[in-house]
1. Out of curiosity, is ALA606 farther than 30 Å from SER778 by Cα, touching a His at 6+ places or on another chain (Cβ under 9 Å) and either at pLDDT below 85 or not β-branched (Val, Ile, Thr) (or both)?
2. Filter the stretch 391-446 down to the residues that are open to solvent by 80 Å² or more (accessible area, probe 1.4 Å) and β-branched (Val, Ile, Thr) and list them by number.
3. Could you list all residues from the stretch 356-388 that are β-branched (Val, Ile, Thr) and either assigned to a helix (DSSP H, G or I) or open to solvent by 10 Å² or more (accessible area, probe 1.4 Å) (or both)?
4. Out of (1) at pLDDT below 80; (2) surrounded by 18 or more Cβ atoms within 10 Å (Cβ to Cβ), what's the single condition that is false for VAL60?
5. Among the residues of the stretch 315-346, what is the count of those that are in a loop (DSSP other than H, G, I, E, B), open to solvent by less than 10 Å² (accessible area, probe 1.4 Å) and under 26 Å from PRO869 (Cβ atoms)?
6. For the stretch 339-375, give me each residue that is aliphatic (A, V, I, L, M) and over 39 Å from the mean Cα position of the chain (by Cα).
7. Scan the stretch 768-785 and report the pairs whose first residue is open to solvent by 70 Å² or more (accessible area, probe 1.4 Å) and whose second residue is assigned to a loop (DSSP other than H, G, I, E, B), with Cβ atoms within less than 7 Å and a gap of 6+ or a chain change.
Amino acid sequence: MAKNNEYIELPWTMNSSSGDDEAPKDPRTGGEDFTQQFTENDFEATPPAQRVQFILGEDVGDDGTHVSHPLFSEMGMLVKEGDEIEWKETARWIKFEEDVEEGGNRWSKPHVATLSLHSLFELRRLLVNGSVMLDMEAHNLEVMADLVCDQMVSAGTLPPGVKDKVKDALLRRHRHQHEYAKKTRLPIIRSLADMRNQSSSKIEEQSSGHTLGATTPISQTASEPGPPGSNGNSNLSTTGGGGGMGRFLTVPSGKPSNRTLEKKSKSSKNLRPAQNLPVITEDMVKSPSSQSMARPSSGTELSEQQGHKGNTHFMRKIPPGAEASNILVGEVDFLERTLSCFIRLSQAAVMGDLTEVPVPTRFIFILLGPPGSQSNFHEIGRAMATLMSDEIFHEVAYRARKRDHLLSGVDEFLDAVTVLPPGEWDPTIRIEPPAAIPSQEVRKRPPELPKEEVDEEEEEQRLREESGLSRTGRLFGGLINDVKRKAPWYLSDYKDALSMQCVASWIFLYFACLSPIITFGGLLAEATGKHMAAMESLVSGFVCGMGYGFFSGQPLTILGSTGPVLVFESIIYEFCFKMGWDYMTFRFWIGMWVAGICIVLTAIDASALVCYITRFTEENFATLIAFIFIYKAIENVVVIGKNFPVNQGIYDCVCTPPLGSNASVVDYAKYNWDSCASYNGTLVGGDCGTPPTENVFLMSVVLCAGTFIISTILKDFKNALFFPSIVRQYISDFSVLIAIFAMSFFDHFLGVPTQKLEVPNELKPTLDTRGWLIPPFSEKNPWWSPMIAVFPALLGTILIFMDQQITAVIVNRKENKLKKGCGYHLDLFILSILIAICSVMGLPWFVAATVLSINHVNSLKLESECSAPGEKPQFLGVREQRVTHILIFLTIGVSVLLTPLLGHIPMPVLFGVFLYMGVASLKGLQFFDRILIMFMPAKYQPDYMFLRQVPIKRVHLFTIIQLACLIILWLIKSFSQTSILFPLMLVVMIGIRKALDLVFTRRELKILDDIMPEMTKRAAADDLHKLDAENTKFDTSKQLWRGYLTPTETSV
């Protein structure tokens, strides 16, 4: 029992009501009932957040009755329709609020609930002074109504003469919005939207002239004696102490009985009297539907109920295992004063037609009062439902053992709310749900004590070991660890591919890889005297792609041909041509040396050096490759304009009538070049040998731009407002494929002779003088040529190592949330074997292609399925599997058989795909975002985390240095004489990044040059601030625990 029953005037105090007990200081109390060992006075300085954290830290018990479930909240209002009074559904909550729109024929868009602060204070006072019945044993609505009415009568808060009327009101029929939608004529009822928009600053005055004010407690049930000197009242009673609820409220497992309720009524004579109000005696009209059914407590069971069919369509939005919270508010003319009751059932049960969806009800909040307070009751009901949808109060409601626990939850909620000034925003505006909801875990756990300073070197070493980027000290140790890391996931790499998303990714990347391979083959034929061309590139793609797909450590990486490799091949060919050597034989030995050096690098764990490739270097490289894709796509379209100019002069070709025809030349001159023959005409003129090409360039521009625009728009279609989510997702996944087929059909329909994709139709080497196996020795080459091949092999190794590993770093970013680990050493080992095979067969070398790999990852990104209305999808990771990689290059290998089909695809369409891939790969690059910020006024700059932490001038300085390095890389790559040095310049970039330690502080570099995901950065923001506060020794969290400081109750 409480040591002191001091009466506290409410509701404007933020502390819990006195008169009973408070949560104990030590949660490790013995076997006794710890809820009765301490008083409110022992916890006067305890902040609500700490009380809530203690409540949530209690043991829920073995019976599982206090285990929280997802909640569906529904609010119903008592309305009169014709001669019948019924409960009408007006709002519902899963995570966000949905209201019945004005007119009652549709649901509003889900939005963040905005509440008046007054309604929250009024709700708190209702919980203080009203009835609170925890762990009620009731399995249907009639039993619940009987227990509530008996409790109020026994406590004197409800006159016995109106008990049956209150019960009748509670058992009235519940009409839900989906039932109104089935009617042919909408009922004429009072607009509830108007009610909600009315002022809720105070409850309207009742007939006695008194309000639901700050100093007039509302009728409640209680078992503790009131303050000394209070007068009794036979009809209505109240108390200032809301915590003492007798044995019924403080013993969760207790089963109330009539005897228990009679016992409680005896304590009402010492309670403070309430103001007497006149009684309105007009009877209510009885509704024929008041039957409830007892059902098993199952949150997912769907079944028919008598006279009521749940909204099974909306049931798909309800989380599995969910329970219901019902809020019933309304005004009746037989009550003098407001009645409220908060009920938690011991076991959830389906209460007939009480809930829109067939889920069991666990919580019920009842608020009934005299006429004139409907709008304020509506706001209080919304406040209650919003509290129940709050993650913290929701758990407190499940675990509460007494009234004070609920009040602590309300106080903690008030501490966390944000107040918006009334003159600076429009309360009628509906706030869109946020894209990402911040975690509420910090509200559940106590402030963490200062951690011991973590050794950064040890932390970095631990992260390197997790990603396989630390030296093991033994030969092939890194390779062995990669195999051990990836082996348990190997079977799942095939099972995880069972998705239509993988089909879309496969077809998209097939076209994205095929065109560069054929284009690269054409350039390679010019650079190597046709020793290697398109056919060799296709075979190399098949061999390398299949081998890498089956055995690599990171199959999300797409192999392809790169510019530096092309330059390297051209230099070697020119050298052999001048020396008179056999190019393919000399290249064979270079390939063998490259493969051998890569195996040695694998043996000594050289891939551990990848840890020095930071965001500075990798984003420079990725941005450069993306710009090259964009530039080359536009350049190829411009070349078409040069080959097929718009202004070509007069086209000398006219269609003439056949001999013996009565038609004139003018009649046949209207027929085009391609339709003349169908009318038996004859083409006459010097240009009749070729079709007119003045429209080729314009058509190419339309095809390229159309492919890019359609792909971009449809890729974002998953966030559109049209069609069901499954349809939007499919359209988004197949966006590029839809664009390719749409623009190809458009080109075929117009019949303009644009350039088409040319694929070899025979599986044989381009040159008849060579075979598929290269001899290791040749009469043209001297005996020492294999030895000197090691020198160009060293340069080729640097080129391949840097291309491969930088792309692997980009794919393995933390932002991608990969779960199956990295495989840098295994990737390099597999690549060295593939280079050896390609050298033996005389095929081009394939390495990791940056832009293709980025687009492969983007096409396989996973997002959460949105169940609750208004909930935004959250990025979950990437669908890590091998099947798409294997299928891409398997299809490339059989492209020779698909020549008749592929020959109808215009090249400008594929140029549009290149443009799309280049632009799409820029998305998410912090470097590119910082470039755009340089051209934005400060007030329009996005709220990026690095702008919060680093002065804007320092951000611009870092961006300018990085941009200067990008320009240098572009210039070196643009000239054939210097492009061979491009891999070495990437090594120089690492050195430049190291030199930035002298220009920027460690904290600035940690923010601007790390690979931490954005959400992780925000979570670590406070830690970064502490790096600059080394001289500050004031420990706020520790003093908060000691009670010296109180948390901010509201933030404006």
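The values are calculated or read from the model by the stated rules, or taken from the named source; none is laboratory data. Source: prediction; values computed, not measured. Quick reminder, even Gly has a Cβ in these numbers, built from the backbone with ideal geometry, and neighbours come from all protein chains shown. For the accessible areas, the whole protein counts, side chains as well, though only heavy atoms, and no ligand, DNA or RNA atoms are used. Shrake-Rupley method; radii C 1.70, N 1.55, O 1.52, S 1.80 Å.
1. yes
2. Scanning the stretch 391-446 gives THR418, THR428, ILE429, ILE437, VAL442.
3. Matches in the stretch 356-388: ILE380, THR386.
4. Exception for VAL60: condition (2).
5. 1
6. Filtering the stretch 339-375 for residues aliphatic (A, V, I, L, M) gives 339, 343, 345, 348-351, 354, 357, 359, 364, 366-368.
Result: LEU339, LEU368.
7. From the stretch 768-785, the pairs are TRP772/PRO765; LYS780/GLY580; LYS780/TRP581; LYS780/ASP582.
So that you can scan it fast, the table gives a plain yes or no per residue for (1) part of a strand (DSSP E or B); (2) open to solvent by less than 10 Å² (accessible area, probe 1.4 Å); (3) farther than 19 Å from MET384 by Cα; (4) polar (S, T, N, Q):
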{"residue": "TRP87", "(1), (2), (3), (4)": "yes, yes, no, no"}
{"residue": "ARG92", "(1), (2), (3), (4)": "yes, no, no, no"}
{"residue": "LYS95", "(1), (2), (3), (4)": "no, no, no, no"}
{"residue": "LYS109", "(1), (2), (3), (4)": "no, no, yes, no"}
{"residue": "SER119", "(1), (2), (3), (4)": "no, yes, no, yes"}
{"residue": "ARG125", "(1), (2), (3), (4)": "no, yes, no, no"}
{"residue": "ALA145", "(1), (2), (3), (4)": "no, yes, yes, no"}
